[in-house]
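Notes follow once the structure below has been shown.
Values in this text are rule-based calculations from the coordinates and carry no lab data. Because the structure is a prediction, the values reported are computed rather than measured. Methodologically, a virtual Cβ is constructed for each residue, glycine included, from the backbone with ideal geometry; neighbour enumeration extends over all protein chains shown.
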């Protein structure tokens, strides 16, 4: 068995831990050189001889410590030791420094270094300490945890050591041997341990022969334990054995070995080798991976100078300077990328070296530990990246297709190193050579087409045709091997062999005679494809084999793809310029704003000229505004949050969020707001990140205003329907209440106590009737008596009443123009409009002020309609009612015409006054506008179409008693109380009255033939049939009959519920007895 070199360390004092133990030992240890001079002594030796310091004895001859009588005997013993034989002498006298004599025992054995005895080491034990030492030995022998045994050799007939006999064993050894101590003593090793591993007997014999201790590991398989065994001589012919349990160390070692194995595998995969450089000895050791990287064999001498010979000449001086000047001189880290030339095959490789220095206690570098990684693949990739960037720059240069192709071929020749290259470009179904460099002319002409028939119909004529007709997506499957790549390219470094072997069974490839004649060995054919269409072919040739690195083929395929795109782009540039010009004309002349916004720079990179209309800014100023400056604060927050969500969704793969339509408010430079509809598209960069927004903005202010007007009209329509229904029911009841109140007032004397009660009932009924009129007015469903009115006369007639109405602290001013102020309107409704506006003005001036009423004549042209969508061209009479009150804010101004909206206290306003005003103005085909600011009063401006007719002069009106009659009147009303009231009034006027509760009953009366019916007074809306249909049927029986309709519904509501002609005779409920009598008399034809 081989011994490890460090097995001598404890006894030759090379082990620091052992040296310290010896230094502190009670025994006097010493070392003597071969010439007999002292080399080293421990503290105990100095004490036994009376010396204070080692310097007093080191270098002196050993005889200085002996009596003269013993010198010769000791010299003989030392000579025996120097010959390699350990000795254990008896008792000797020693001479101490102070002259005293002491006695000790003496043991010595040789010092062996590199196989040569260089001295003697041993120990002395003072005789007086022997007893104490024996006791201590006995105690240690029995109590130490390590196993200990003393052995002596058993010699066979040939004088060779055949076995070892156990002379003694301590309890720890007995436990390891699994036997009592008594069974061990006197028995041999082979007897007790027949299958020792390794063989102790042979090891012990070697120790006895050489006097050199041995250390070995032994196993106990049945107990899965490992022990460290130390064999060393203790006297001539005897040796000692020490055992220590090192199972845990072996387990750790096993784990470490496994880790090292894994590390080695990892380093192999990563191409990472490790090394340790011994700077002091100029030697380095390395891992197998590093040896493989450098291409080293077992005989290579690993020195710094030889390492530099591995370094590529271009990097040799750089590497040397880096190690000497940076690492050694500056104590820096070795970190360098450099080329090497592999010793085994001459390959040039790139490596990355790293190293860290280790220093001795004096701070001098003694060792460098590091790694070297093969980075050739990375460097190749970086080179390819540089080529790819240079190639793309080449493609991006301006120029024609011919110029592009020439520069591309020259560039590809420079990076591939082949002799010739060429390019074919498609012309219909032919692929002639457009440009070549180094290619033999016989290959280019007259073979313009590589196909036997057509491109779409192989068989192909040559290998070029096979590549051109293949497809990377779904082309010829049989061309996927034997030199053909997955992208449909062909490559071979030994073309003659490939052609002789055939390309593939079933592949219709026929080489042209010209190709083999040129005998090129290196061949690559790369198709140019764009959008699934084959545009051409790149061809590389060289007569030498393996001139083109196969690793470049994927790069050349990518370059071919980029070249195809560049060619296609140049061919399409003319059409693109035409399209750009067409789209520029569209963009610059459209009413919509087309824009492009850069998210990174937060600015517009393009805005079409129509943006001036939106922003009221020059086009250049619009370009430099951000979204936050363009949009209103509320719209900006909405847009920002939505864009953020859309960007996140698109970048996560949700393409449904690419497009969106939003309505946003855009701010004008003059402070105005433009409602816009914005269609946006998120644009992605090549990395899949959203970097720009393409948008089209359309001004929808007019549309929004139209929608608002439509919504208001629909709301008014809904409220009007409700109001009409409510008014109908009210009017029926008020007809009875107000009618009978008037009849009672006509009969009650002035002093009657009931008169005031009836007057209150009548007044309440009139107020309720007024409320229903307002409901019908704002819903625009009341019956209007449109006639030519002079607004100047109407205002002047109302001025006294308005003065009393607003009070003494409000001054009423009237300003009228001198011309005609004639309009078509209902007199009573216009008076109500002016009075409502005057009351509102009074309430806005609680501390007094001025009420100004103006009339004027204006004419609107197209410019007057800007920002006023309700206006229309023409001549209008303007009636303005203004005040100097507290005014109103914009939020209030936009809601004042809403039904039931009021800013007055509860109980002081119904919220219907201004709604009624707007309804009346609208029914007169006019418009109303409001100007107001907080603290600056308010002005209501009514514009009514001017008419040329003259308005009749206003008179007081004739008062007359209710006219009487003798005609027969048929009254048809489904409301009993209303019917009884009408019958009572007409009967009191002298008419012959017949009443019916419904249409069917009225028809029966008409058919009964009781006499002629002069007038039909009928409700319009009834359950059985409407009044119009009833009148038609009765006239078939009484053709001379006249008719009068009555209803609590307004005229518009009636037209929705029946076929009533709005020109027919009609009386609106509630009506008074006098109104009913007058209307009936008028329909029948004047006085009876």
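The table below lists the values:
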item: Cβ-Cβ FRET estimate between residue 402 and residue 582, R0 fixed at 25 Å, reported to 0.05; result: 0.35
item: Rounded to whole Å, sorted largest first: equivalent-ellipsoid semi-axes of the stretch 591-699, Cα gyration tensor; result: 24, 14, 12
item: For 243, 165, 914, order by how many other beta-carbon atoms lie within 10 Å, fewest first; result: 165, 243, 914
item: Ranked list, fewest to most other Cβ atoms within 10 Å of each Cβ, for 726, 311; result: 726, 311
item: Efficiency of FRET between residue 558 and residue 669 - r from beta-carbon atoms, R0 60 angstrom, step 0.05; result: 0.75
item: Ascending count of other beta-carbon atoms within 10 Å, so fewest first, for 323, 540, 981; result: 323, 981, 540
item: Kirkwood Rh and Cα Rg combined as Rg over Rh, evaluated for the stretch 18-97; result: 0.94
item: Spacing of the two label points (7 Å from each Cα toward its C-beta) at residue 209 and residue 605, in nm; result: 8.9
item: Shape box of the stretch 144-245 [Cα atoms, principal axes, largest first, Å]; result: 36, 25, 25
item: Length added when fully stretched, residue 987-residue 1075, from 0.36 nm per residue minus Cα-Cα; result: 30.2 nm
item: Cβ-Cβ FRET estimate between residue 254 and residue 285, R0 fixed at 22 Å, reported to 0.05; result: 0.45
item: For the stretch 968-1084, the fraction of alpha-carbon pairs in successive 5 Å shells from zero, as %; result: 2, 12, 26, 27, 22, 10, 2, 0
item: Label-point separation, residue 309 to residue 655 (7 Å along Cα→Cβ), nm; result: 6.3
item: Rel. contact order, % - alpha carbon contacts under 8 angstrom, at least six apart, the stretch 784-945; result: 23
item: Inter-site label distance for residue 745 and residue 382 at 7 Å from Cα along Cβ, in nm; result: 11.0
item: Contour excess over end-to-end distance, with Cα ends at residue 427 and residue 142 and 0.36 nm allotted per residue; result: 92.2 nm
item: Length added when fully stretched, residue 333-residue 856, from 0.36 nm per residue minus Cα-Cα; result: 178.5 nm
item: Backbone N within the stretch 628-659 under 20 Å of label point (7 Å from residue 890 Cα along the Cβ vector); result: 628-639
